[in-house]
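> Here it is, the structure in full.
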Amino acid sequence: MRFVDNPEAAVLAAAKDMLRRGLVEGTAGNISARREDGNLVITPSSVDYAEMMLDDLVVVDPDGEVLHAGEGRSPSTEMKLHLACYKAFDDIGAVIHSHPVWATMFAIAHQTIPACIDEFAVYCGGEIRCTEYAASGTPDVGANAVKALEGRAAALIANHGMVAVGPRPDKALHVTALVERTAQIVWGARALGVPVPIPDDVNAGFAGIYSYLRANPM
Ligand SMILES: [Zn+2]
């Protein structure tokens with residue numbers, strides 16, 4: 001089971017960085033990390049990232065039972081998505097759920113983001129799939145995300161946003177930013193004409209590197 005060293009500090013740092021990079025607004029989205037004891041640290045519901053402090057973070061067990069929360073703090077309403085990811089993938093230590101604009105455009109169109117930039121597949125494992133639709137807050141959001149995440153570092157959540165996984169919050173944030181940037185680039189390339197795909201064997205080689213790095217994170 002993968003876990004994160006100093007998970008509270010790592011979650012808070014990634015939350016601040018996510019805001020700074022313009023990948024989230026106000027209180028939207030959420031970040032979590034797995035602790036050595038198997039429990040999870042997750043950002044609270046309805047607290048602005050700019051004001052968030054270590055005491056605001058919530059600790060839950062793998063079933064979502066709250067073990068520790070500051071006064072008036074509760075885990076994100078989208079916690080079930082995080083729980084489903086940790087349950088399905090033993091080799092991840094962090095989950096980030098966000099609603100960045102360009103990636104969410106693809107999520108609303110139910111379109112895959114192709115692995116059409118060199119080395120995209122090194123960080124993401126291949127093209128980024130979109131889930132089947134499920135209403136926010138229902139267990140199906142997590143179940144559908146797990147299916148779309150198979151062998152990948154991210155998935156689009158239909159009509160909602162995206163989810164990224166990684167060994168640590170900073171790595172999952174890097175994937176979030178890369179998917180968002182690629183969504184914007186693909187959109188622009190389509191406006192110019194038909195994007196030219198990378199040869200399958202090249203992407204397959206990159207995906208092999210992704211698999212290796214997922215098992216042996218740096
Ligand atoms: Zn959301």
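The values are calculated or read from the model by the stated rules, or taken from the named source; none is laboratory data. Quick caveat, the model's predicted, so the values are computed rather than measured. No Cβ is skipped: glycine too gets one built from the backbone with ideal geometry, and neighbour counts run over all protein chains shown.
> Tell me, which helices (runs of 4 or more DSSP H) wholly within the range 108-192 include 3 or more residues that are in contact (Cβ under 8 Å) with a residue 24 or more places away in the chain and within 16 Å of the ligand (Cβ to nearest atom)?
Hits in the range 108-192: 139-149, 169-192.
> Can we say LEU57 is within 16 Å of the ligand (Cβ to nearest atom), touching a strand residue (DSSP E or B) at 6+ places or on another chain (Cβ under 9 Å) and of a type in the set (A, V, I, L, M, F, W, C)?
No; evaluated as a whole, the condition is false for this residue.
> Here's a follow-up. Consider ASP63 against the criteria (1) part of a loop (DSSP other than H, G, I, E, B); (2) modelled with pLDDT under 95; (3) away from the ligand (no atom under 16 Å from the Cβ): it satisfies all of them except one. Which criterion is unmet?
(2)
> Of the conditions (1) within 18 Å of ALA177 (Cβ to Cβ); (2) not in a loop (DSSP other than H, G, I, E, B), GLU25 clears all except one; give me its number.
Every condition holds for GLU25 apart from (2).
> Looking at the range 66-107 only, could you name the residues that are more than 19 Å from PRO167 (Cα to Cα) and in a loop (DSSP other than H, G, I, E, B)?
Correct list: ALA69, GLY70, GLU71, GLY72, ARG73, SER74, SER76, THR77, GLU78, HIS99, PRO100.
> Being assigned to a helix (DSSP H, G or I) and more than 16 Å from the ligand (Cβ to nearest atom) is the requirement here; does ALA204 meet it? Spell out the reasoning first.
On the way: assigned to a helix (DSSP H, G or I): yes; more than 16 Å from the ligand (Cβ to nearest atom): yes.
Yes.
> Let me ask something additional. Can you pull out every residue in the range 147-174 that is hydrophobic (A, V, I, L, M, F, W, C) and surrounded by fewer than 23 Cβ atoms within 10 Å (Cβ to Cβ)?
Listed by number, the residues that qualify are ALA148, ALA158.
> Regarding GLY38, is this residue surrounded by fewer than 24 Cβ atoms within 10 Å (Cβ to Cβ) and at positive phi?
Criteria met by GLY38.
> Right, something else. Given the residues THR43, THR77, which is the only one that is in contact (Cβ under 8 Å) with a residue 24 or more places away in the chain, surrounded by fewer than 22 Cβ atoms within 10 Å (Cβ to Cβ) and within 16 Å of the ligand (Cβ to nearest atom)?
THR77
> Quickly run through the range 86-105 and pick out the residues that are within 16 Å of the ligand (Cβ to nearest atom) and crowded, with 24+ Cβ neighbours inside 10 Å.
The answer is VAL95, ILE96, HIS97, SER98, PRO100, ALA103.
> Which of the residues that make up the range 172-189 are out of contact with any Pro (no Cβ under 7 Å at 6 or more places or on another chain) and charged (D, E, K, R)?
Answer for the range 172-189, where residues must be out of contact with any Pro (no Cβ under 7 Å at 6 or more places or on another chain) and charged (D, E, K, R): just ARG181.
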